[in-house]
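Let me begin by presenting the structure, written as structure tokens, before commenting on it.
The values are calculated or read from the model by the stated rules, or taken from the named source; none is laboratory data. Here the structure is a predicted model, which means the values were calculated and not measured. For neighbour counting, all protein chains shown are included, and Cβ atoms are generated from backbone atoms with ideal geometry for every residue, glycine included. All accessible areas refer to the heavy atoms of the entire protein, side chains included, with ligands and DNA or RNA removed. Shrake-Rupley method; radii C 1.70, N 1.55, O 1.52, S 1.80 Å.
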Amino acid sequence: MKRLFIIFLILALPIMVAAKEKGHIKTPETQECAECHKSQAEAWQNGKHEVMGVKCIVCHGSTEKNFIAKPDIYKCRACHGEKVRDVEKKLHPKLKNCFLCHDAHSVTLRFHTKGGE
Amino acid sequence: MEISRRQLLKYSAAIAAASAIGLELPLPKELEAANIDADKWVKTVCRYCGAGCGVYVGVTKGKVVAVKGDKDNWNKGFLCIKGYYLPPILYAADRAKYPLLKKDGKFVRISWKEAMDLMTEKFADSIKKHGVNSVAFYGSGQAYTEESYVMNKLFKGGLGTNNIDGNPRLCMASAAVGYVSSFGKDEPMGAYDDIYHADCFFIIGSNMAECHPVIFRIVNERKQKNKDVKIIMADPRKTLSARIADLHMSFTPGTDLAIVNAMAHVIVKENLYNKNFVDKHTVFKKLVDPGPPLKVGKVSWDEYVKFLDEYTPEMAEKISKCPKEDIIKAARWFAQSKATMSLWTMGLNQRTRGVWANNLVHNLHLLTGQICRPGATPFSLTGQPNACGGVRDTGLLSHLLPYGRLVANDKDREEIENFWGVPKGRIYSKPGPTAVDIFRMFNKGDIKALWVACTNPGQSLPNLAPYRKGMESKDTFLVVSETYHPTRTSELADLVLPAALWAEKDGTYGQSERRYQYLEKAVEPPTEARPDLDVMLEFAHNLFAKLGRVDEAKKLFNFKNSEDVWNEIRQCSKGTAYDFMGMTRARMKKAHGIQWPAPTEDHPGTVRRYTAKYGDILVKKFDPAASDVSFYGAKADSNKATIWLRPHKGPAEPTDAEYPFALTTGRQIEHWHTGTMTLKVPELKRSAPNAYVEINPNDAQKLGIKSRDKVKLTSRRGSIVLEAKVVDVPREGLVFVPMHYPDELINNLTTDAYDALSKQPEFKICAVKIEKA
């Protein structure tokens with residue numbers, strides 16, 4: 001009985017729906033990301049990645065055909081191999097996204113920046 | 001995707017609950033990552049800067065598909081955005097595929113046999129008709145150590161000419177001559193490890209955040225973890241690096257010698273120097289006659305103090321416009337911190353007084369005893385991945401022989417002649433022409449055949465236009481070994497040889513902190529591209545056959561592979577201050593770099609030189625009487641370092657009424673050198689697509705210039721039209737242009753005036769005027 005209840009609970013949990021990946025609009029070659037994406041740029045400005053020169057292109061590619069709106073965990077592996085392996089082992093071997101816990105742009109832990117909800 | 005804390009907790013609970021009852025909860029498809037793990041990971045080093053980050057490349061089906069930082073190397077797995085995007089450089093559409101010969105202005109494909117036969121004929125003919133000094137080689141701090149060693153042996157030991165130099169002449173020569181003149185031997189005595197121990201950083205002429213980002217990460221982390229750590233940043237630009245500074249010293253470009261002398265003045269007058277260290281470990285010298293021949297003379301402490309008298313903070317402020325309070329503060333922090341580390345790059349080196357600037361920074365460390373212990377060291381940051389290991393140490397520069405030896409020194413020549421097994425007197429005793437002079441001689445036709453490998457002088461030489469004209473001339477023969485075609489150099493060549501790139505060949509790199517590292521071959525080169533070492537050995541044998549010296553070539557160039565060359569190189573270092581006999585190939589394959597000296601296979605490598613207390617085994621060997629510190633490279637001065645009396649001197653081309661702005665060139669984090677690799681990466685190109693001119697807002701307002709306006713910069717040598725970027729980074733009177741762009745040749749404007757001692761050109765300062773285009 002207990003087992004059935006737990007299975008029900010699991011199946012009843014809301015499934016998160018990710019936004020569909022889409023391409024970037026055409027922009028002039030010299031236009032900077034921050035011109036349109038002010039809030040993301042501001043969040044990034046105050047984070048660890050900014051002072052290390054980890055720019056938008058690292059996670060998102062260019063604005064051409066290799067643009068990625070929502071990068072997956074393997075984007076982080078080049079510098080954070082150990083952490084990626086850790087997430088794979090402890091959370092789920094195929095988990096896609098570091099940004100379940102980390103704010104995408106300021107890269108702090110989400111809970112801390114939002115203070116809860 | 002946006003998910004709330006509540007959703008995450010629910011999901012995590014679900015996973016936990018599922019595992020508790022032995023159920024594997026499937027992931028929603030949207031959360032699943034495609035595992036792009038590679039078939040194998042090959043240990044290597046980043047292709048780019050002199051930081052020398054350890055890297056693994058992931059290989060699948062014969063292609064490099066991924067990179068990850070080496071967590072067991074000094075960089076702890078971190079990379080900068082250039083290293084992050086390494087794989088695409090191997091697969092650029094304009095890879096040089098076949099040997100190409102220029103016929104009637106057009107490049108036609110020829111076979112390797114035809115290419116090598118032609119090249120051999122041209123060089124041999126020139127040697128027979130005009131002598132060995134009619135041919136030359138221009139190498140690179142990006143070539144492998146084994147490649148540079150073979151070419152050095154061929155030219156100096158085989159042919160008996162010193163017409164061989166490399167592009168580190170344009171970036172590190174002043175630092176090299178600075179170390180030699182201050183300490184007797186080249187190369188930093190400290191290491192990146194010192195960053196973890198320093199309490200004060202004096203960073204001058206370096207935008208580390210963009211030029212050595214992964215090293216900067218350690219400096220920043222040191223500061224973040226220790227709020228008492230002080231960072232002094234001396235730079236006429238308020239760069240990204242300067243944002244973490246506790247003190248940003250801004251000054252008129254080219255006036256920093258006055259500032260550093262003034263810091264020494266404060267240290268002496270306020271009694272902040274370490275008398276015991278100065279007495280025990282230093283001598284004082286000054287230039288008596290610039291010559292030639294150069295004459296220097298020893299002086300006393302009193303004479304040095306008298307020399308410093310005029311360099312008051314007030315005097316330095318008057319010359320430099322740097323507030324005297326900043327100079328005094330910097331001096332006190334430098335002297336009084338528990339451990340002070342200096343870091344610098346091209347702001348000091350690419351100057352007509354580059355050697356003097358280097359000496360003056362060394363002076364501060366010697367005066368205060370801030371040297372040869374953890375956190376206290378003068379550390380020159382190197383630009384290229386193998387300028388240290390392959391060119392400075394291997395002795396490729398036209399005045400050097402391997403491992404601390406000089407062509408002008410009788411004993412050194414004899415030692416190397418014996419080692420190489422060449423006749424006594426073979427090695428020419430007069431230093432050869434340096435980079436700029438090689439191209440001047442090529443222009444005049446004094447050099448008739450020139451081989452350029454792994455570098456891009458058609459974009460990177462200062463005062464570029466006349467040299468490009470010379471390279472294009474039909475009266476001389478130019479061979480260019482390149483990975484890509486066209487580059488701004490290969491387009492001028494008579495013969496282009498397609499070269500394997502980085503992960504397509506194996507060899508050794510030596511980076512800024514004396515760490516030699518092995519780069520394993522990961523994939524095959526494409527089409528007909530070949531490793532430079534193979535081509536160089538084939539050329540050496542062919543050339544000597546043409547000169548009737550087949551047997552000699554068999555003796556000199558008896559190498560089957562790069563490991564054979566490396567074994568000879570190790571032997572050549574044995575017994576010298578570099579001694580890395582212990583770095584066998586087998587060991588290097590396993591290690592994450594080893595710092596020389598490492599004289600035996602069980603020696604772990606040396607983090608700090610010149611100090612017995614902190615592990616330099618060679619102190620006991622070269623200076624058995626020393627209890628701890630010994631500058632054993634300075635035998636002629638009884639193992640003491642030199643404090644130099646270097647007066648302030650400004651740049652070769654100061655600003656004036658006609659050309660009222662100083663132009664300085666430099667880097668952006670996205671790109672490296674002349675952009676031949678990084679501009680092929682779409683992401684890096686999108687982030688930094690073209691050159692611009694950075695203008696101070698006050699200057700821009702006076703000139704009526706806004707960001708994105710087209711602006712014309714003109715120097716005495718050339719002009720360029722660029723988009724303006726009005727930003728509070730350069731100080732008033734200074735403009736900055738990045739150097740990376742092949743279609744915007746800023747070096748048409750820069751000066752080829754060079755340092756009298758190092759022959760390094762003054763890229764960092766020339767005079768320009770600005771007008772709206």
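Below is a table of values for the structure above.
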| quantity | calculated |
| --- | --- |
| Computed label-point distance, nm, for sites B:Lys474 and A:Lys65 using a 7 Å Cα→Cβ extension | 4.3 nm |
| Interchain or long-range residues, amide H under 5 Å from B:Asp70's placed H | B:Gly54, B:Val55, B:Tyr56, B:Gly77 |
| Charge tally in the Cβ shell below 10 Å around B:Lys102, where Lys, Arg are +1 and Asp, Glu are -1, B:Lys102 excluded | -1 |
| Net charge of Cβ neighbours under 11 Å - reference A:Arg77; Lys, Arg +1; Asp, Glu -1 | 0 |
| Within chain B, percent of DSSP bridges classed antiparallel, to nearest 5 | 50 percent |
| Global geometry of region B:536-691, whether rounded, prolate or oblate, following the gyration tensor of its Cα atoms and the 1.5 cut on a/c | oblate |
| Unit charges at the beta carbon, dipole of region B:133-240: most positive-side option, B:Ser181, B:Thr145, B:His197 | B:His197 |
| Rounded to whole Hz, the Karplus (6.51, -1.76, 1.60) HN-Hα couplings of region B:759-771, x for glycine and proline | 6, 8, x, 8, 4, 6, 9, 8, 9, 9, 10, 10, 8 |
| Listed residue pairs exceeding 24 Å between alpha carbons, taken from B:Lys40/B:Lys685; A:Lys38/B:Lys725; A:Lys70/B:Lys68 | B:Lys40/B:Lys685 |
| Whole-number accessible area per residue in Å² for the protein assembly as shown, which is evaluated in the context of all protein chains at 1.4 Å | 39 Å² |
| Rel. contact order, % - alpha carbon contacts under 8 angstrom, at least six apart, chain B | 18 percent |
| Leading residue at positive end of dipole, region B:483-545 (Cβ point charges), from B:Ala503, B:Tyr518, B:Thr489 | B:Tyr518 |
| Shape category assigned to region B:391-519 from the gyration tensor of Cα positions, a/c cut at 1.5 | oblate |
| B:Lys430 versus B:Lys321: modelled label distance in nm, points set 7 Å from Cα along the beta carbon direction | 4.5 nm |
| Which of B:Gly62, B:Pro599, B:Gly575, positive extreme of dipole for the protein assembly as shown (C-beta unit charges) | B:Gly62 |
| Shielding by partners, peptide A:71-80 (average Cβ within 10 angstrom, other chains) | 6 |
| Phi to ³J(HN,Hα) by Karplus 6.51 cos²θ - 1.76 cosθ + 1.60 over region B:449-463, Hz, x for Gly, Pro | 9, 10, 10, 10, 10, 6, 7, 10, x, x, 10, 9, 6, x, 6 |
| At R0 = 25 Å, FRET efficiency that the Cβ-Cβ distance of A:Lys26 and A:Lys83 yields, to 0.05 | 0.10 |
| Sites B:Glu314 and B:Tyr196, calculated FRET efficiency, Cβ-Cβ separation with R0 30 Å, nearest 0.05 | 0.20 |
| Model label zone, B:Ala92; criterion: amide N under 18 Å from point 7 Å along Cα-to-beta-carbon; scope region B:684-704 | B:684-691 |
| Relative contact order of region B:456-613, pairs being alpha-carbon contacts under 8 Å that are 6 or more residues apart, as % | 15 percent |
| Inter-chain Cβ neighbour average for residues B:680-690, partner chain, 10 Å | 6 |
| Label point distance in nm, B:Glu538-B:Lys40, each placed 7 Å from Cα along Cα→Cβ | 2.5 nm |
| Between region B:665-679 and region B:67-125, the alpha-carbon center distance in angstrom | 17 Å |
| Cα gyration tensor shape of chain B, rounded if a/c is under 1.5, else prolate or oblate by comparing a/b with b/c | rounded |
| Ordering of B:364-370, B:84-90 by burial proxy (mean other Cβ atoms within 10 Å per residue, highest first) | B:364-370, B:84-90 |
| Within the protein assembly as shown, percent of DSSP bridges classed antiparallel, to nearest 5 | 50 percent |
| Centroid-to-centroid separation of region B:503-581 and region B:165-238 [C-alpha atoms, Å] | 30 Å |
| Estimated 222 nm signal from helices in the protein assembly as shown, with DSSP H stretches of n ≥ 4 weighted -39500 (n - 2.57), rounded to 500 | -9000 deg cm²/dmol |
| Within straight-line cross-link reach of B:Lys764, lysines at Cα separation under 16 Å, skipping those fewer than 8 residues along the same chain | B:Lys238, B:Lys649 |
| Segment B:Val288-B:Leu101, extension gain: residue separation times 0.36 nm, minus the distance between their alpha carbons | 62.1 nm |
| Positive minus negative residues near B:Gly131 (Lys, Arg vs Asp, Glu; Cβ under 13 Å) | +1 |
| Peptide-level mean, for A:47-53, of C-beta atoms on other protein chains within 10 Å | 6 |
| Over region B:163-260, relative contact order from alpha-carbon pairs under 8 Å, at least 6 apart, % | 20 percent |
